[in-house]
Amino acid sequence: MSLFNVFNTAGSALNAQTIRLNTTASNLANAESVNGDPSKVYRARHPVFKTMLDPSDTGFDGENATAGVRVLGVVESTSPPTMRYQPDHPLANKDGYIYMSNVNSIEEMTNMISAQRSFATNVEAVNTARDLLLKTISMGH
Amino acid sequence: MFDNIFGIHEQALLLHGQRIGILANNLANADTPNFKARDIDFAAVLGSSDEQLPLTLSTSHAAHIAPLEGALPSGELKYRNPYQASLDGNTVEMPVEQAAFSENNVRYQASLQFINNRIAELQLAIAGQ
């Protein structure tokens, strides 16, 4: 019965959105991180979502009706870190430059709102499925 | 009498249950690039579980040509047409899916209510008071 699959599907989405929120938190925390070496400076991380098919669920004409979402991996942003001339900084390189992380705070904030909305939607889906199942169980009473 | 106590509501309930899974999947993949939102043509699927509703062509003669597959409405999963395509190839539109989800929720409860009423009716008839 597909109503039970809603828990798996929505659960996988809750998990994926949590990872997305975690990376956002990590990015915002490191927004001001600096380093003297551009290859070592913190780079914004973002999860990559992919649809996950459930091979056990062939309820609908043999086709996978329900699936879920999983995080394929976390990729680092490739945009170049900002250079700043600050020779008095303890981490400055020999030319007096430090490199700022390439985190875009505005992008992270919008990402956070989007993740929050998606999370809430999936919680609502779980609640609805639970209510319907409970009503179905008490059928005839 | 007890062959078909609940009428169409029994199948409708099952189908609404399956549709919840499909719509929940759309909601879960709202942020997945290249995911295409899916849904079923409810009337067509429910009709296909009844013998009369889908308008099939009868091939009673050897020279009759059977209709092409897909020419008649069938109960398969379909892809939703987005109102506004998104750049990442995702066709899930949150308001559309949420509306469909809550509509399906109400319809599921309606089917359930019909079944419950039927059970109450029968219990009343059996108890006779």
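Report the residue, chosen from A:Val34, A:Val126, A:Val75, that carries the largest GNM mean-square fluctuation when chain A is represented by alpha-carbon nodes joined by springs under 10 Å. Looking only at A:Val34, A:Val126, A:Val75, the largest GNM fluctuation is found for A:Val75. Kirkwood's formula applied to the C-alpha pairs of the range A:8-141 gives a hydrodynamic radius of 17.9 angstrom.
The calculated FRET efficiency for the pair B:Ala85 and A:Met139, based on their C-beta separation and a Förster distance of 35 Å, comes to about 0.25.
The modelled label-to-label distance for the pair B:Ala44/A:Asn104, using points 7 Å beyond Cα in the direction of Cβ, is 4.0 nm. For the peptide B:31-39, the mean number of other protein chain Cβ atoms found within 10 angstrom of a residue's Cβ is 5. The long axis of helix A:105-137 is offset from the longest Cα principal axis of chain A by roughly 10 degrees. Look at the stretch B:111-118: the mean tally of other chain Cβ atoms within 10 Å of its residues' Cβ atoms is 2. Between B:Ala120 and A:Ser79, the simple spin-label model (points 7 angstrom out along Cα→Cβ) gives 6.0 nm.
In this structure, B:Arg107 and A:Leu53 have a Cβ-Cβ separation that, at R0 = 30 Å, corresponds to a calculated FRET efficiency of about 0.65. Counting only DSSP H runs of at least 4 residues, each contributing -39500 (n - 2.57), and dividing by the residue count of the protein assembly as shown, the helix-based mean residue ellipticity at 222 nm comes to -16000 deg cm²/dmol. Of the candidates A:Gln86, A:Gln116, A:Gln17, which one comes out as most mobile in a Gaussian network treatment of chain A with C-alpha springs shorter than 10 Å? Checking each option, the largest mean-square fluctuation is seen for A:Gln86. With the convex hull of its Cα atoms as the shape, the protein assembly as shown has an orientation-averaged projected area of 21.3 nm². Simple point charges give the picture: +1 on the Cβ of Lys and Arg, -1 on the Cβ of Asp and Glu, and for chain A a dipole about the Cα centre of about 180 debye.
The numbers here are math on the coordinates, done by the rules we state, and not lab data. Note that the structure is a prediction, hence the values are computed from the model and not measured. For neighbour counting, all protein chains shown are included, and Cβ atoms are generated from backbone atoms with ideal geometry for every residue, glycine included.
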